[in-house]
Amino acid sequence: MKSIAILTSGGDCPGLNAVIRAIVKRSLPRGYQCLGLLDGWAGLIEGRARPLDGAAIRGMIHVGGTILGTSRTNVLKDEATIQQAFQRFKDLGLHALVAIGGEG
């Protein structure tokens, strides 16, 4: 099965959960499995993820902030961190990554 990872990065802001929900709702019927990376880029680097399915997004449209957490981890800080992120991407079997939010 094809997998898409979603993360939220930078400062918390309204609408992040609505975007997460929209991605999951559009991806599942097209045969994609969705994973939420916890605490932004830190979740990718550390391999911390949770499945996002219909049950996980039900009722979240009215919840502020982000159900995934966020951080200001700089994935581009050095070559080692970049390579670690690429390796986790492969380890998780991802086909795509959607980063939502601002600089962080």
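The values are calculated or read from the model by the stated rules, or taken from the named source; none is laboratory data. Nothing here was measured: the structure is a model prediction, and the numbers come from that model. Methodologically, a virtual Cβ is constructed for each residue, glycine included, from the backbone with ideal geometry; neighbour enumeration extends over all protein chains shown. Just the protein is used for accessible areas: all its heavy atoms, side chains included, with ligands, DNA and RNA removed. Shrake-Rupley method; radii C 1.70, N 1.55, O 1.52, S 1.80 Å.
Counting only helical runs of four or more DSSP H residues, what would the 222 nm mean residue ellipticity of the chain come to if each run contributes -39,500 (n - 2.57) and the total is spread over all its residues? It lands at -9500 deg cm²/dmol.
For the range 34-89, what % of the accessible area comes from carbon and sulfur atoms, probe 1.4 Å?
On the way: 1700 of 3060 Å².
It is 55 percent, rounded to a whole number.
Qualifying trypsin sites (Lys or Arg not before Pro) in the range 21-104, where qualification requires a DSSP coil assignment and no more than 16 other C-beta atoms within 10 Å, comprise 48, 58, 72, 77. Straight-line cross-link reach from residue 25 at under 18 Å between alpha-carbon atoms covers these lysines, not counting any fewer than eight positions away in the same chain: 2.
The slack in the chain from residue 97 to residue 62, taken as 0.36 nm per residue of separation less the alpha-carbon distance, amounts to 10.2 nm.
Determine the dipole magnitude for the chain: charges of +1 sit on the beta-carbon of Lys and Arg, -1 on that of Asp and Glu, nothing else is charged, the reference point is the Cα centre, and the result goes in debye to the nearest 20.
Details: 12 positive and 8 negative charges, 97 e Å.
In total the dipole reaches around 460 debye.
Cross-link partners for residue 77 among the aspartates and glutamates, with Cα-Cα distance under 19 Å and sequence neighbours closer than 8 places in the same chain left out: 39, 46, 103.
Computed on the Cα trace of the chain, the radius of gyration divided by the Kirkwood hydrodynamic radius gives Rg/Rh = 0.96.
Applied to the range 55-70, the Karplus parametrisation 6.51 cos²θ - 1.76 cosθ + 1.60 on θ = phi - 60° returns per-residue 3J(HN,Hα) values of 5, 5, 9, 4, x, 8, 4, 9, 8, x, x, 9, 6, 9, x, 9 Hz, with x for Gly and Pro.
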